Amino acid sequence: DIVMTQSPDSLAVSLGERATINCKSSQSVLYSSNNENYLAWYQQKPGQPPKLLIYWASTRESGVPDRFSGSGSGTDFTLTISRLQAEDVAVYYCQQYHTAPATFGQGTKLEIK
Amino acid sequence: QVQLQESGPGLVKPSETLSLTCAVSGYSISSDCYWGWIRQPPGKGLEWIGNIYHSGTTYYNPSLKSRVAISADTSKNQVSLRLSSVTAADTAVYYCARRTAVAGNFFDYWGRGTLVTVSS
């Protein structure tokens, strides 16, 4: 299985500041045939299911605010929240869907400083 | 608006079979998409269990494949999960979710999840 490792495990950022979460895969999740990275990001608030934020590493899901952006390729990826708002407090997960079984990172807990 | 609602027993005894149902509304499960199950042990991360395609083809996580069965009932517009020979390690919130057919194995709509505890 592809192992997804997120860093840091937890993060505290001031309101209005930038938050950066990293995700590293044990194997490349880039498909050379279509040049797509098979990587998604989810946000999970307490007591709620995960919410899809980003897919194909950088495509924002419909309705997701543009302060959320995804970047990276191959094995190293980043989720950036450009101007942190109070409602962004959550756990964030990356997921690879390049190779079955799909696997998730361990999660990064984002809090307000 | 696509809505998914999981249901089933909240408590299952060790060695027995866990059975859950996911009722889908606002979208036909016969449409060209997949329906997946994902679980999350309390306070832990997410694990993909498996998917069923609208045609009935199933895909399972190899770590669970010997114990899992996912099925679909188009007449009721619902998807079901059965997990046999459960142990305490199967205690988790179980989510059903939709994966579109044209995209990769990621999930755009999720149910709220149902907690299943394995205990005698």
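General remarks:
- For chain B, the alpha carbon convex hull comes to 97 Å³ per residue, rounded to a whole number.
- Eigenvalues of the alpha-carbon gyration tensor of the protein assembly as shown, scaled by 5 and square-rooted, set the equivalent ellipsoid semi-axes at 29, 20, 17 angstrom, largest first.
- Taking a straight line from the alpha carbon of B:LYS44, these aspartates and glutamates sit under 20 Å away, with near neighbours fewer than eight places off in the same chain left out: A:ASP1, A:ASP9, A:ASP88, A:GLU111, B:GLU6, B:ASP90.
- Efficiency of FRET between B:LEU11 and B:ARG67 - r from beta-carbon atoms, R0 22 angstrom, step 0.05: 0.75
- Under DSSP loop assignment and at most 12 Cβ neighbours within 10 Å, longest trypsin sites (Lys or Arg not before Pro)-free interval of chain B: B:77-120
- As a proxy for reagent exposure, A:TYR93, B:TYR109 were ordered by neighbouring Cβ count within 10 angstrom, fewest first; the result is B:TYR109, A:TYR93.
- Across B:CYS96, B:CYS33, B:CYS22, mean-square fluctuation computed from a Gaussian network of chain B (C-alpha pairs under 10 Å connected) peaks at B:CYS33.
- Residues A:ILE112, A:ILE54 in ascending order of nearby Cβ atoms (within 10 Å, fewest first): A:ILE112, A:ILE54.
- Take the Cα of B:SER31, step 7 Å toward its Cβ, do the same at B:VAL2, and the gap between the two points is 0.7 nm.
- Scaled against 2.2 N^0.38 Å for its residue count N, the alpha carbon radius of gyration of chain A is 1.00.
- Amide H to amide H distances under 5 Å link A:GLY107 with A:GLN6, A:CYS94, where only residues 5 or more positions off or on other chains count and H is placed in the peptide plane.
- Placing a pseudo-label 7 Å from each Cα along the Cα-to-Cβ vector at A:ASP66 and A:LYS45 gives an inter-label distance of 2.3 nm.
- Take the Cα of B:ALA89, go 7 Å toward its beta carbon, and the backbone nitrogen atoms of the stretch B:15-58 under 17 Å from that spot belong to B:15-18, B:39-42, B:44-50.
- Per-pair calculated FRET efficiency, R0 = 22 Å: A:LYS24 and A:THR80 via Cβ, rounded to 0.05: 0.90
- Order of A:ASP1, B:ASP90 under a 10 Å beta carbon neighbour criterion, fewest first: A:ASP1, B:ASP90
The numbers here are math on the coordinates, done by the rules we state, and not lab data. Since we're looking at a predicted model, the values are computed, not measured. For neighbour counting, all protein chains shown are included, and Cβ atoms are generated from backbone atoms with ideal geometry for every residue, glycine included.
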